[in-house]
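Let me begin by handing over the structure; questions about it come next.
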Ligand code: MEV
């Protein structure tokens, strides 16, 4: 060590340090450095030999990580111990531990809800026309547990682990607030734990499925005894908040989880479809989410500007949804494909397709799909293709192009 030299002058922090400690010579500075190092080592040895660093600092940190991961009271200490023992006090590790010890046990949770794939009729259904839609079974599962304070929400796959603020007027916070109010449940003292195999914002009904799963989870915990009609009505209220003026098709699919021909003429109606098999539908999405509220509002503006033109397109959509239901009942997938292609053209005409959706539709068609269209509100999100005998080829081509897929008939 040295107290003179160009490098020391070049570094203002070194000059300031020397001035502070008042070391006049290199020997004095060396003694001070050795003494400081020894003091730090002895302090660390003392902590290790007495109360212990693990017990103190690490354990405290592990408790806060376990709380962030939403560890339930009965598993809390187990998670903290396992975190400390692993030497990896991280949120991801806490989630792994929770999953390994079976908490949240969403696999066996009774509260389930379906996602949805609209095969024909989206947007027109907002104006009283028919929509033909199929469920994505058990898209969301969950449970509610009692907690010390507040309302927390975790959705493992989406990395959501946070407190709900019931005063927030939009998003999932507001949906939870509606559910608590409708069920007359106090807005504190519950942990909502969900798992979702659908992505958010891709037109597959995840927001409605979350709402239905949360309602059913509270029903399960508190033994309220809600019937499906009431579950659907509460989820519809949540959907109004999320989507502005929804038709109710998403929450109805989420609740009843059956293929259906849906319409809303002031009330929610659906005709369940008895199908001999699950049709070979492939659903795909990329990295472009769609905003349903925005798309529904955009279509409403266009309809206000051009009521005759838009009305005629909606009429056409209604007719092909009804014809599509017939084709589906007969398992005539070639005819259904033709109708879906026309349906996509009509959705394009009302302005809700995007270049990426067009690319996905083109990939599906050129790899053997009998028909393909965007599904849901558009402006991003997903496509659906009917693929008799071509499911594997269409799936492979979409995946090779970087898209995620679900094949309904593989489920
Ligand atoms: C959204 O999943 C389907 C739309 O028709 C809106 C609705 O029906 O509420 C675009």
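The values are calculated or read from the model by the stated rules, or taken from the named source; none is laboratory data. Keep in mind it's a predicted model, so treat the numbers as computed, not measured. Using ideal geometry, Cβ is built from the backbone for each residue, glycine included, and neighbour counts are taken over all protein chains shown.
Considering each residue of segment 117-159, count those that are farther than 30 Å from residue 273 by Cα and surrounded by 15 or more Cβ atoms within 10 Å (Cβ to Cβ), and give that number.
Looking only at segment 117-159, we keep the residues that are farther than 30 Å from residue 273 by Cα, and these are 144-159.
With surrounded by 15 or more Cβ atoms within 10 Å (Cβ to Cβ) added as a condition, the list becomes 144-145, 147, 151-156, 158.
Within segment 117-159, residues that are farther than 30 Å from residue 273 by Cα and surrounded by 15 or more Cβ atoms within 10 Å (Cβ to Cβ) number 10.
Let me ask you something else. Within segment 1-18, how many residues are under 16 Å from residue 32 (Cα atoms) and assigned to a loop (DSSP other than H, G, I, E, B)? Steps first, answer last, please.
Within segment 1-18, the first condition is being under 16 Å from residue 32 (Cα atoms), and the residues that meet it are 1-3, 14-18.
Narrowing further to those that are assigned to a loop (DSSP other than H, G, I, E, B): 1-3.
Final tally of qualifying residues: 3.
Got a sec? Which of 268, 309, 322 is free of Cβ contacts under 8 Å to residues at least 24 places away in the same chain and surrounded by fewer than 20 Cβ atoms within 10 Å (Cβ to Cβ)? Explain how you work it out, then say what you get.
On the way: 268 fails: free of Cβ contacts under 8 Å to residues at least 24 places away in the same chain; 322 fails: free of Cβ contacts under 8 Å to residues at least 24 places away in the same chain.
Exactly one of 268, 309, 322 is free of Cβ contacts under 8 Å to residues at least 24 places away in the same chain and surrounded by fewer than 20 Cβ atoms within 10 Å (Cβ to Cβ), namely 309.
Shifting gears a bit: Which of the residues that make up segment 9-33 are within 56 Å of the chain's Cα centre (by Cα) and surrounded by 11 or more Cβ atoms within 10 Å (Cβ to Cβ)?
In the first step, residues of segment 9-33 are kept if they are within 56 Å of the chain's Cα centre (by Cα); the result is 10-17, 20, 33.
If the condition is that a residue be within 56 Å of the chain's Cα centre (by Cα) and surrounded by 11 or more Cβ atoms within 10 Å (Cβ to Cβ), then 11, 14, 15, 17, 33 are the ones that fit.
Follow-up question, since we're still on this one. Report yes if residue 219 is under 30 Å from residue 68 (Cα atoms) and under 24 Å from the mean Cα position of the chain (by Cα), otherwise no. If you could, list the steps in order and put the result at the bottom.
Values: under 30 Å from residue 68 (Cα atoms): yes; under 24 Å from the mean Cα position of the chain (by Cα): yes.
Spelling it out, residue 219 is indeed under 30 Å from residue 68 (Cα atoms) and under 24 Å from the mean Cα position of the chain (by Cα).
Is at least one residue of segment 142-162 without any contact (Cβ under 8 Å) to a residue 60 or more places away in the chain, over 30 Å from residue 328 (Cα atoms) and assigned to a helix (DSSP H, G or I)? If you could, list the steps in order and put the result at the bottom.
Taking segment 142-162 as the starting set, the residues that turn out to be without any contact (Cβ under 8 Å) to a residue 60 or more places away in the chain are 149-151, 153, 155, 157-160, 162.
Narrowing further to those that are over 30 Å from residue 328 (Cα atoms): 149-151, 153, 155, 157-160, 162.
After this cut, where a residue has to be assigned to a helix (DSSP H, G or I) as well, the list is 157-158.
There is at least one residue in segment 142-162 that is without any contact (Cβ under 8 Å) to a residue 60 or more places away in the chain, over 30 Å from residue 328 (Cα atoms) and assigned to a helix (DSSP H, G or I).
So which residues in segment 333-353 are outside any helix (DSSP H, G or I) and surrounded by fewer than 17 Cβ atoms within 10 Å (Cβ to Cβ)?
Kept after step one, since they are outside any helix (DSSP H, G or I), are these residues of segment 333-353: 350-353.
If the condition is that a residue be outside any helix (DSSP H, G or I) and surrounded by fewer than 17 Cβ atoms within 10 Å (Cβ to Cβ), then 351 is the only one that fits.
While we're looking at this one, here's another question. Considering only residues that are more than 8 Å from the ligand (Cβ to nearest atom) and either more than 16 Å from residue 283 (Cβ to Cβ) or in a loop (DSSP other than H, G, I, E, B) (or both), which ones fall in segment 120-130? So that I can check it myself, show each step before the final result.
Taking segment 120-130 and keeping what is more than 8 Å from the ligand (Cβ to nearest atom), we get 120, 127-130.
The answer is 127, 128, 129, 130.
A further question follows. Could you check segment 363-377 and list, in sequence order, the residues that are more than 18 Å from the chain's Cα centre (by Cα) and within 14 Å of the ligand (Cβ to nearest atom)?
Start the filter on segment 363-377 by keeping residues that are more than 18 Å from the chain's Cα centre (by Cα), which leaves 363-374.
Correct list: 373, 374.
Could you please let me know if residue 380 is in a loop (DSSP other than H, G, I, E, B), within 16 Å of the ligand (Cβ to nearest atom), touching a residue at least 24 places away in the same chain (Cβ under 8 Å) and crowded, with 24+ Cβ neighbours inside 10 Å?
yes
Within segment 182-196, is even one residue in contact (Cβ under 8 Å) with a residue 40 or more places away in the chain, closer than 13 Å to residue 151 by Cα and assigned to a loop (DSSP other than H, G, I, E, B)? Working first, answer last.
Filtering segment 182-196 down to residues in contact (Cβ under 8 Å) with a residue 40 or more places away in the chain leaves 182-183, 189-196.
Among the residues that remain, those that are also closer than 13 Å to residue 151 by Cα are: 189-193.
Then keep just the ones that are assigned to a loop (DSSP other than H, G, I, E, B); that gives 189.
So far as segment 182-196 goes, yes, one or more of its residues are in contact (Cβ under 8 Å) with a residue 40 or more places away in the chain, closer than 13 Å to residue 151 by Cα and assigned to a loop (DSSP other than H, G, I, E, B).
Please indicate, with yes or no, whether at least one residue in segment 131-138 is within 16 Å of the ligand (Cβ to nearest atom), farther than 30 Å from residue 409 by Cα, modelled with pLDDT of 95 or more and touching a helix residue (DSSP H, G or I) at 6+ places or on another chain (Cβ under 6 Å). Even if it seems obvious, please write down each step before you answer.
Filtering segment 131-138 for residues within 16 Å of the ligand (Cβ to nearest atom) gives 131-136.
Narrowing further to those that are farther than 30 Å from residue 409 by Cα: none.
No - not one qualifying residue is present in segment 131-138.
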